[in-house]
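J.: To start, I am sharing the structure in question, which I have written as structure tokens.
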Amino acid sequence: MIMSDIAKNKMAHSLKKRGSVSSLNSHELRWKELHGRIKDRVNTVSYMDEPSLRDDASRLTVQMENTYQLGPTKHFPVVIVNHILKDVLTNYLQEELYEPELCRQMTKTISEVIKAQIKDLMIPRYKLIVIVHIGQLNRQSILIGSRCLWNPKSDTFSSYVFRNSSLFALANVYAVYFE
């Protein structure tokens, strides 16, 4: 008895759904349809009992629908972020002396602290970039430039400069709205 194309498709779909894979080629499938068995070989592997990483990952991912929101509902609070920058830089650097290795680690630490405090404000859909520069205060000058493509209606930045007797610090926070 020859199977119809619809029946073949249903059987193939149920095998895929169940997780079975067969190594039969088209000639062997026809032989099986006509005679009910295969002469030499039939290799079938079932993945039903084995855990699949893809299945676990697909259950954990959350798919969000488009909001078609082109602008922020809540603007970035520049004044509050300026206060955060001032507090963090003052607390961490008030009594510190300039030492290159210590300042290298302090830039990383201060950046992470600033980012965490700003994220605690829970401002939706803004990407944050926090950059901290620390240098020795020794009658030299420094020029720092930055460029970015952004929308002036929704994107903004906040900046604060700290000085004590031996060092200076500049902290910049760029807030770019994610459409």
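J.: Does segment 93-105 hold any residues that are open to solvent by less than 80 Å² (accessible area, probe 1.4 Å) and within 30 Å of the chain's Cα centre (by Cα), and which are they? Reasoning before the result, please.
T.: Keep residues of segment 93-105 that are open to solvent by less than 80 Å² (accessible area, probe 1.4 Å), which gives 93, 96, 98, 102-103.
Answer for segment 93-105, where residues must be open to solvent by less than 80 Å² (accessible area, probe 1.4 Å) and within 30 Å of the chain's Cα centre (by Cα): Leu102, Cys103.
J.: Tell me, yes or no, whether segment 114-125 has at least one residue that is farther than 16 Å from Phe178 by Cα, open to solvent by 80 Å² or more (accessible area, probe 1.4 Å) and in contact with a strand residue (DSSP E or B) (Cβ under 9 Å, 6 or more places away or on another chain).
T.: No; the residues of segment 114-125 include none that is farther than 16 Å from Phe178 by Cα, open to solvent by 80 Å² or more (accessible area, probe 1.4 Å) and in contact with a strand residue (DSSP E or B) (Cβ under 9 Å, 6 or more places away or on another chain).
J.: Could you give every pair whose Cβ atoms fall below 7 Å, whose first residue belongs to segment 90-119 and is more than 16 Å from Phe162 (Cα to Cα) and in contact (Cβ under 8 Å) with a residue 12 or more places away in the chain, and whose second residue is open to solvent by 30 Å² or more (accessible area, probe 1.4 Å) and not in a loop (DSSP other than H, G, I, E, B), counting only separations of at least 6 or pairs across chains?
T.: From segment 90-119, the pairs are Lys115/Leu128; Ile118/Leu128.
J.: Same structure again: Of (1) free of Cβ contacts under 8 Å to residues at least 40 places away in the same chain; (2) touching a Phe, Trp or Tyr at 6+ places or on another chain (Cβ under 7 Å); (3) of a type in the set (Lys, Arg), Arg125 satisfies all except one. Which?
T.: (1)
J.: Continuing with the same structure: Looking for something modelled with pLDDT of 85 or more and among the β-branched types (Val, Ile, Thr) - is there at least one such residue anywhere in segment 55-64?
T.: Taking every residue of segment 55-64 in turn, none turns out to be modelled with pLDDT of 85 or more and among the β-branched types (Val, Ile, Thr).
Listed here are the residues, each with its yes/no results for (1) assigned to a strand (DSSP E or B); (2) under 30 Å from Gly71 (Cα atoms); (3) modelled with pLDDT under 90.
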residue: Leu102; (1), (2), (3): no, no, no
residue: Thr107; (1), (2), (3): no, no, no
residue: Lys115; (1), (2), (3): no, yes, no
residue: Leu128; (1), (2), (3): yes, yes, no
residue: Val132; (1), (2), (3): yes, yes, no
residue: Gly135; (1), (2), (3): yes, no, no
residue: Pro152; (1), (2), (3): no, yes, no
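J.: Name the residues in segment 160-179 that are in contact (Cβ under 8 Å) with a residue 24 or more places away in the chain and either among the aromatic types (Phe, Trp, Tyr) or open to solvent by 50 Å² or more (accessible area, probe 1.4 Å) (or both), would you?
T.: Across segment 160-179, the qualifying residues are Tyr160, Phe162, Arg163, Ser165, Phe168, Tyr174, Tyr177, Phe178, Glu179.
The values are calculated or read from the model by the stated rules, or taken from the named source; none is laboratory data. Quick caveat: nothing in here was measured; it's all calculated off a predicted structure. Please note: Cβ atoms are built from the backbone with ideal geometry, for glycine as well, and neighbour counts cover all protein chains shown. Accessible surface areas use protein heavy atoms only, side chains included; no ligands, DNA or RNA. Shrake-Rupley method; radii C 1.70, N 1.55, O 1.52, S 1.80 Å.
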